[in-house]
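Below is one structure, written out as structure tokens; the observations come after it.
The values are calculated or read from the model by the stated rules, or taken from the named source; none is laboratory data. Just so you know, these numbers come straight off a predicted model, no measurement behind them. When we count neighbours, we look across all protein chains shown, and the Cβ atoms used for this are built from the backbone with ideal geometry, even at glycine. These area figures cover heavy atoms from the full protein model, side chains too; ligands, DNA and RNA do not enter into them. Shrake-Rupley method; radii C 1.70, N 1.55, O 1.52, S 1.80 Å.
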Amino acid sequence: MTSKTNRAAFLKLQDYARRGESFQPGSSSSSSLSHEWSGVIFRLGNSRLACSIERIQEILNPPAATPVPGAKPWILGLANVRGSLMTVVDLAWYLTGVRTPITAHSRLLSTSLQKAPVGLLIDEVLGQRHFIEGEASDSELAGSTGLGGLVRRKHQVGKEEWHELELDKLFSSQEFLNGAAI
């Protein structure tokens with residue numbers, strides 16, 4: 001390579017770096033700012049869901065959990081995850097009354113409720129997606145799925161439909177907060 005070619009390549013890399021540093025996701029020079037968010041996408045039964053990646057600390061294989069006497073059946077127990085006790089909840093069992101079968105694809109979404117670690121057992125994590133706020137529409141998930149009150153919006157990405165699970169609504173539910181079997 002000649003020094004002129006090296007210089008041109010170097011200038012091109014500098015341009016890429018400058019453009020990368022100033023990039024704002026969801027923005028465009030020709031339109032106003034549209035808000036974009038990242039979500040963990042997963043399957044819960046036949047439902048395809050997404051929740052904000054900011055609420056998920058980690059995705060784990062389901063650990064062994066020690067049952068808690070007097071807890072509702074959907075609370076699978078407590079698990080020791082790197083020295084911290086995590087409450088393990090079967091999300092489908094809580095929502096629909098149907099227990100999640102543990103398979104090679106089953107995962108635990110590690111999150112927190114009032115600073116206490118909580119693991120939500122789900123059928124399968126499918127990855128991560130970026131969604132544009134302005135492109136969401138109202139979700140029509142039936143109440144029979146148990147998700148009706150926890151899913152407000154859906155996002156259409158190509159032929160795929162993702163329903164946005166609102167963990168704050170789940171975690172503010174009195175039934176969820178009171179896991180004691182009375």
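Here are the numbers:
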| read-out | value |
| --- | --- |
| Every residue from region 85-99 that is modelled with pLDDT under 95 and of a type in the set (Ser, Thr, Tyr) | 94, 96 |
| Residue that is farthest from residue 52 (Cα to Cα) [pool: residues in region 150-167 that are part of a strand (DSSP E or B) and of a type in the set (D, E, K, R)] | 160 |
| Pair list, Cβ under 8 Å, 6 or more apart: region 52-67 residue farther than 13 Å from residue 42 by Cβ, other residue loosely packed, with under 13 Cβ neighbours inside 10 Å | 63/80 |
| Tally of residues being open to solvent by 30 Å² or more (accessible area, probe 1.4 Å) and out of contact with any Lys or Arg (no Cβ under 6 Å at 6 or more places or on another chain) across region 49-74 | 18 |
| Enumerated strands (runs of 3 or more DSSP E) restricted to region 9-84, each holding at least 1 residues that are at pLDDT 80 or above and among the charged types (D, E, K, R) | 36-44, 47-52, 58-60 |
| Exclusive hit being in contact with a Gly (Cβ under 9 Å, 6 or more places away or on another chain) and not basic (Lys, Arg), set 109, 121, 147, 113 | 109 |
| Checklist (1) open to solvent by 30 Å² or more (accessible area, probe 1.4 Å); (2) under 24 Å from residue 84 (Cα atoms); (3) in contact (Cβ under 8 Å) with a residue 12 or more places away in the chain applied to residue 115, failing item | (3) |
| Scope region 118-149; condition in a loop (DSSP other than H, G, I, E, B) and either touching a residue at least 24 places away in the same chain (Cβ under 8 Å) or open to solvent by less than 70 Å² (accessible area, probe 1.4 Å) (or both); matching residues | 123, 136, 139, 141, 142, 146, 147, 148, 149 |
| Subset of region 130-150 that is within 19 Å of residue 118 (Cβ to Cβ) and among the hydrophobic types (A, V, I, L, M, F, W, C) - its residue that is modelled with the lowest pLDDT | 147 |
| Total residues in region 85-117, condition in a strand (DSSP E or B) and over 17 Å from residue 42 (Cβ atoms) | 7 |
| Pick from region 152-182, criterion farther than 16 Å from residue 37 by Cα and at pLDDT below 85, ranking: surrounded by the most Cβ atoms within 10 Å (Cβ to Cβ) | 179 |
| Some residue of region 112-124 being of a type in the set (Ser, Thr, Tyr) and modelled with pLDDT of 95 or more | no |
| Region 79-102 residues that are within 13 Å of residue 123 (Cα to Cα), paired with ones that are surrounded by fewer than 21 Cβ atoms within 10 Å (Cβ to Cβ) and small (Gly, Ala, Ser) (beta carbon under 7 Å, 6 or more apart) | 92/45; 100/106 |
